[in-house]
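The structure appears right after this line, and notes come after that.
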Amino acid sequence: MTATAAEQHDRAPRGSHPQRWLILGVICLAQLTVLLDNTVLNVAIPSLTTELDASTADVQWMINAYSLVQSGLLLTAGSAADRYGRRKMLVAGLVLFGIGSLAAGLAQSSGQLIAARAGMGIGGALLITTTLAVVVQIFDDTERVKAIGIWSTVNSLGFAVGPLVGGVMLEHFWWGAIFLINIPVAVLGVIAVVRLVPESKNPRGDRPDLLGALLSTTGMAAVVYAIISGPEHGWTSGQVLLTAFTGAAVLTGFVLWELHIPYPMLDMHFFRDQRFIGAVAGAVLVAFGMGGSLFLLTQHLQFVLGYGPLEAGLRTAPLAMTVVALNLTGLGARLVPKMGTPATIATGMSLLAAGLGAIALLGGEGYGGMLLGLVVMGAGIALAMPAMANAIMSAIPPEKAGVGAGVNGTLAEFGNGLGVAVLGAVLTSRFATLVPAAVGAASLPAALAAADGAGDRQRITDAFASGLETSQLAGAVAVLAGGLLAAALLRRAERGGPAAPERDAARADSA
């Protein structure tokens, strides 16, 4: 096949497929299932700590094993989808995700569940990259922003509605059912994808960078391990410092490897585009704030305020409802051409930071303050995420759509895992400062069980609430700073900075 023919093969379906909106529905269903599993475990934490004897660190790894494997493999999965066929990778992802879900649902120990969640992450990596890549391929320029807006709605919905779905399942079944429910969805998804989704690929695309995937996954896992273990072992302990140094060294090796191979999983030329850098910074911090916040809030609702899993899930639902309501009206997609991408992202991330701040300052006084914070957070996410996804995809050549989708998905997954690790570590450190006697307990329920009387229990729950406030404020500051930085970089790029010719040269070299 000639280069011209290959390019035509890759671009032919875009904007011309008569069933593109039905296809969008199918791939959004697959995407929703994958993203639910980022947060669906949050309301199951009390069950896991008792039935599997899981410590707080175990629970963080149950969540982060999924996120880290996904984020480490997404870019390689994107390259594989571009080269070997996006529909093939979508089917493979659904199959692997279904098998991993079965193993997770039947797990009998913390170690087994962590391993199964890592396996699910492999399937999830294939799914996340191919869904957005297919959207880019089958919609033309006039419809793509709207389609990406719908995709982003599902993206946000998956993260935000996970606790509600988990709560409903735990109300009627045991904790393993939250994974087994994925299996029929995966089966239906395979059937629909085979029948509806057209194959598209770039046969001359880069071959997958397996060493790059190994280096990125190992480096990120080491950094997150250091963050999670810091409160327990001490931030200056040899174990934490050695792990953090190893992670940083491996990630540095990853960057050097990517710069010196002809088929990198992450083309470092993308970072010459300030629009890309700005969108990258924003996407990481949106997921950071949302993932870390939901991880902590569901524990606060159950451990401190005494709600059951379903009640806790219902009380986090306003975040998802706000995102869906605003994105279904197309607000984010309409604001981008009117306000511009930088202003839209700055506004959205400022609202997200304000929501986190409201939860920190008002959430301890009752659910009303928490509700306000969740609604404001949802409004910010609905504005920022579609604009950032479109900015990332617009900065990457169409023939590398799978890689672009992988970059976007990697940022969301890594940001989510980082949020759980960092905000969880901030909470744990604050908790340990206020209640030193409870530091040896593996989890908050264990600390409460070992408490000596009602007064001691009250001190422990008050310390946890104080830790939540501190962690949410830390998240708010990070999100606000990242939003302002992202907007500044995007605005500078729009003014015709030096990135544009360099980007064009890079694209010409890669063609």
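The values are calculated or read from the model by the stated rules, or taken from the named source; none is laboratory data. Source: prediction; values computed, not measured. For neighbour counting, all protein chains shown are included, and Cβ atoms are generated from backbone atoms with ideal geometry for every residue, glycine included. Note: areas computed on protein heavy atoms with side chains; ligands, DNA, RNA excluded. Shrake-Rupley method; radii C 1.70, N 1.55, O 1.52, S 1.80 Å.
Test S237 against the stated conditions and say whether it is polar (S, T, N, Q), within 30 Å of A317 (Cβ to Cβ) and out of contact with any strand residue (DSSP E or B) (no Cβ under 8 Å at 6 or more places or on another chain).
The answer is no for S237.
Test each condition in (1) under 18 Å from the mean Cα position of the chain (by Cα); (2) surrounded by fewer than 24 Cβ atoms within 10 Å (Cβ to Cβ) for M385 and report the one that comes out false.
(2)
Tell me whether segment 146-154 contains one or more residues that are over 20 Å from Q70 (Cα atoms) and among the charged types (D, E, K, R).
Scanning segment 146-154 turns up at least one residue that is over 20 Å from Q70 (Cα atoms) and among the charged types (D, E, K, R).
Find the helices (runs of 4 or more DSSP H) located wholly in segment 243-341 whose residues include 1 or more that are farther than 30 Å from R492 by Cα, and list them.
Values: elements: 274-299, 309-328, 331-339.
Hits in segment 243-341: 274-299, 309-328.
Would you pick out the residues in segment 394-407 that are at pLDDT 70 or above, in a helix (DSSP H, G or I) and surrounded by fewer than 24 Cβ atoms within 10 Å (Cβ to Cβ)?
Across segment 394-407, the qualifying residue is only S394.
Scan segment 315-336 for residues that are more than 16 Å from S293 (Cβ to Cβ) and either touching a residue at least 60 places away in the same chain (Cβ under 8 Å) or small (G, A, S) (or both) and report the count.
8
Of all residues in segment 118-152, how many are of a type in the set (S, T, Y) and open to solvent by 10 Å² or more (accessible area, probe 1.4 Å)?
Looking only at that region, the number is 1.
Select from segment 314-336 the residues that are surrounded by fewer than 18 Cβ atoms within 10 Å (Cβ to Cβ) and under 17 Å from L351 (Cβ atoms) and write down the one among them that is nearest to the chain's Cα centre (by Cα).
Within segment 314-336, the match that is nearest to the chain's Cα centre (by Cα) is M321.
Does A248 satisfy the criteria of being within 23 Å of the chain's Cα centre (by Cα), under 20 Å from V420 (Cα atoms) and surrounded by fewer than 17 Cβ atoms within 10 Å (Cβ to Cβ)?
Yes.
How about segment 276-316: which of its residues are hydrophobic (A, V, I, L, M, F, W, C) and farther than 21 Å from L473 by Cα?
The answer is F276, I277, A279, V280, L310, A312, L314.
State all residues of segment 49-63 that are open to solvent by less than 10 Å² (accessible area, probe 1.4 Å) and either within 15 Å of G162 (Cβ to Cβ) or free of Cβ contacts under 8 Å to residues at least 60 places away in the same chain (or both); if no residue qualifies, say none.
Once the filter is applied, which keeps residues that are open to solvent by less than 10 Å² (accessible area, probe 1.4 Å) and either within 15 Å of G162 (Cβ to Cβ) or free of Cβ contacts under 8 Å to residues at least 60 places away in the same chain (or both), segment 49-63 yields V59, M62, I63.
Check segment 345-357 and report whether any residue there is over 28 Å from A463 (Cβ atoms), open to solvent by 10 Å² or more (accessible area, probe 1.4 Å), of a type in the set (V, I, T) and modelled with pLDDT of 85 or more.
Scanning segment 345-357 turns up at least one residue that is over 28 Å from A463 (Cβ atoms), open to solvent by 10 Å² or more (accessible area, probe 1.4 Å), of a type in the set (V, I, T) and modelled with pLDDT of 85 or more.
Just to be sure I understand the filter: pairs with C-beta atoms under 6 Å, separated by 6 or more residues or on different chains, first member in segment 453-482 and in a loop (DSSP other than H, G, I, E, B), second member modelled with pLDDT under 80 and crowded, with 18+ Cβ neighbours inside 10 Å. Which pairs pass?
none
State all residues of segment 270-286 that are of a type in the set (G, A, S) and either modelled with pLDDT of 80 or more or open to solvent by less than 10 Å² (accessible area, probe 1.4 Å) (or both); if no residue qualifies, say none.
The answer is G278, A279, G282.
Testing T236 on (1) over 23 Å from the mean Cα position of the chain (by Cα); (2) open to solvent by 40 Å² or more (accessible area, probe 1.4 Å); (3) touching a residue at least 40 places away in the same chain (Cβ under 8 Å), one condition comes back false. Which one is that?
The single condition T236 does not satisfy is (3).
Any idea which residue in segment 155-175 is nearest to A412 (Cα to Cα), counting only those that are under 20 Å from the mean Cα position of the chain (by Cα) and surrounded by fewer than 23 Cβ atoms within 10 Å (Cβ to Cβ)?
L157
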